[in-house]
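Derivation of every value follows stated rules applied to the coordinates shown; laboratory data play no part. The model shown is predicted, which means the values in this text are computed figures rather than measured ones. When we count neighbours, we look across all protein chains shown, and the Cβ atoms used for this are built from the backbone with ideal geometry, even at glycine.
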Amino acid sequence: MKFQTKILLILTTAFLLSCNGKQDQTEKRIEGIAEIKTDSIEEGTASLIKESKPEITRPCDFRTLKEIDSLMQRNTELDAQAYLKFIVNMRIDCANNVEYSQWNNELIFKMLEKNPKMFIAFLSRFSTKTRSNEKTDFVLEELGNPIHDGIVLNKILKRLDETDTEDSKLKELVSESINKAIEKNK
């Protein structure tokens with residue numbers, strides 16, 4: 001029995017030692033992936049915008065809104081892809097669809113509050129890449145007209161003011177829109 005135990009111990013040790021080399025390889029792969037992931041948002045934005053096409057095939061499709069809202073309800077940290085997807089798929093032509101426009105309005109405020117820096121960055125970059133201010137103007141209009149009283153405008157404004165953004169002009173326009181909404185609701 002002692003002989004079998006020794007053999008088992010030797011085999012187990014050999015197995016563990018062989019796994020150690022694979023662990024080093026795995027760690028190197030993870031480090032490589034981490035380096036790729038830590039590239040700046042700006043470098044990836046141009047290619048994301050080129051590749052990102054609205055997924056919506058029908059007018060006022062709720063899929064993107066549902067996906068973003070679901071992530072936020074689960075308190076999942078929204079990544080750059082989520083912000084880009086939301087902005088790219090935002091449907092300005094759905095202003096007359098009450099359910100769509102209310103949900104979209106609410107998500108604009110939630111996403112701005114959650115990460116003002118990323119929201120401003122992607123809205124600005126999208127406008128620059130598409131050479132259109134249509135979505136920016138739409139978002140500014142939405143920010144000036146919150147859909148319900150449950151949106152805490154002062155909290156969003158404070159968080160925005162405390163955030164450094166790459167587009168200070170757009171940040172100022174967003175602040176002005178929120179201030180207009182605050183004045184309306186007094």
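Miscellaneous remarks
- Cα gyration tensor category, rounded, prolate or oblate, for the range 116-186 with a/c compared to 1.5: oblate
- Using distinct alpha-carbon pairs, which all enter the 1/r mean, Kirkwood radius of the range 44-184 in Å: 15.2 Å
- Here the label points at Val152 and Asn179, each 7 Å from Cα along the C-beta direction, are separated by 2.2 nm in the simple model.
- About its Cα centre, the range 44-184 has a charge dipole of approximately 300 debye under the convention of +1 per Lys or Arg Cβ and -1 per Asp or Glu Cβ, with nothing else charged.
- Too-long pairs where the Cα-Cα distance tops 22 Å, listed order kept, from Lys85/Lys171; Lys66/Lys184; Lys110/Lys171; Lys85/Lys110: Lys66/Lys184
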